[in-house]
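A.B. asks: Starting off with a structure, shown below.
The values are calculated or read from the model by the stated rules, or taken from the named source; none is laboratory data. If you're wondering where the values come from, they're calculated on a predicted model, not measured in any experiment. Here the Cβ is made from the backbone with ideal geometry for all residues, glycine too, and neighbour counts use every protein chain on show. When the accessible area is computed, the model is the full protein with side chains, heavy atoms only, and any ligands, DNA or RNA have been set aside. Shrake-Rupley method; radii C 1.70, N 1.55, O 1.52, S 1.80 Å.
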Amino acid sequence: MKLRKIDPTDYDLVKQFIDGNPDSIDTLVTRHRDRVYTYIYLIVKNHQLSEDLFQDTFIKVIRSLRMGKYQDNGKFLAWVLRIAHNLIIDHFRKEKQNNTFSKDDYELDIFNSSKYCEGNYEDELIQNQIHDDVRKLVDELPDDQREVVILRHYKGLSFKEIAEHTDVSINTALGRMRYALINMRKTIEEKNMSLTL
């Protein structure tokens, strides 16, 4: 009888890295690359900047692990996303201080809006809360529905591309998106959430 090889958990890989195995961090980066990159891109809407912030995130992850700053509670990905989020905020804070508001292909609807330059901090907090709520809604979806939502709305793929990427028919991809939206609306109603600024 052939035993199926069980993939190591995030906890196992973190422990291996701390114990001196540098390869385990590569496995962690590969495992979470899409989720972390998508999270960053959703906010900054610029591929080059997302790539830079992604690199910075994992440099900080490695440093923090080496310094023993990570307490495992089974939420490695959430911890990485928090680091990414803080780096994004730092980036826009610096940009604001330098008064360099980019007007190129990533018109930033949250951090780069002139109304926030006038110190409308409350709106910014509400907008951030909405982003957090939407991310939680997406995270609660079944895997196949979540994948379609991420590929469509975060990565900008067409339904034809999604069908090819996930190896299903276009109708199946459309159906998964429809059910994802139904499920998200249901959760919004059940939890009485408000997703407007």
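A.B. asks: Give me, ordered by chain and number, the residues 5 or more places off LEU157 or on other chains with an amide H under 5 Å from its own placed amide H.
C.D. replies: ARG152
A.B. asks: For the ranges 141-152, 57-68, what's the packing order if you count other beta-carbon atoms within 10 Å of each residue, average per peptide, and put the highest first?
C.D. replies: By packing density, highest mean first, the sequence is 141-152, 57-68.
A.B. asks: In whole angstrom, how far apart do the alpha carbon centroids of region 13-77 and region 142-182 sit?
C.D. replies: When both Cα centres are located, 26 Å separates them.
A.B. asks: Given a Förster distance of 25 Å, report the FRET efficiency between LYS75 and HIS153 from their Cβ-Cβ distance, rounded to the nearest 0.05.
C.D. replies: The value I calculate is 0.55.
A.B. asks: Find how much the distance from ASP12 to GLU189 grows on full extension, using 0.36 nm per residue of separation minus their present alpha carbon separation; answer in nm with one decimal.
C.D. replies: Separation in residues times 0.36 nm, less the Cα-Cα distance, equals 59.8 nm.
A.B. asks: Enumerate the calculated ³J(HN,Hα) couplings along region 13-29 in order (Karplus 6.51 cos²θ - 1.76 cosθ + 1.60, θ = phi - 60°), each rounded to whole Hz, writing x wherever the residue is Gly or Pro.
C.D. replies: 5, 4, 4, 4, 5, 5, 7, x, 9, x, 5, 5, 5, 4, 5, 5, 4
A.B. asks: Any chance you could tell me what percent of the C-alpha pair distances in region 1-85 go past 20 Å?
C.D. replies: 35
A.B. asks: Just reorder ARG185, ARG35, ARG176 by solvent-accessible area, largest first, 1.4 Å probe, all chains present.
C.D. replies: So, going from the largest accessible area down, we get ARG185, ARG35, ARG176.
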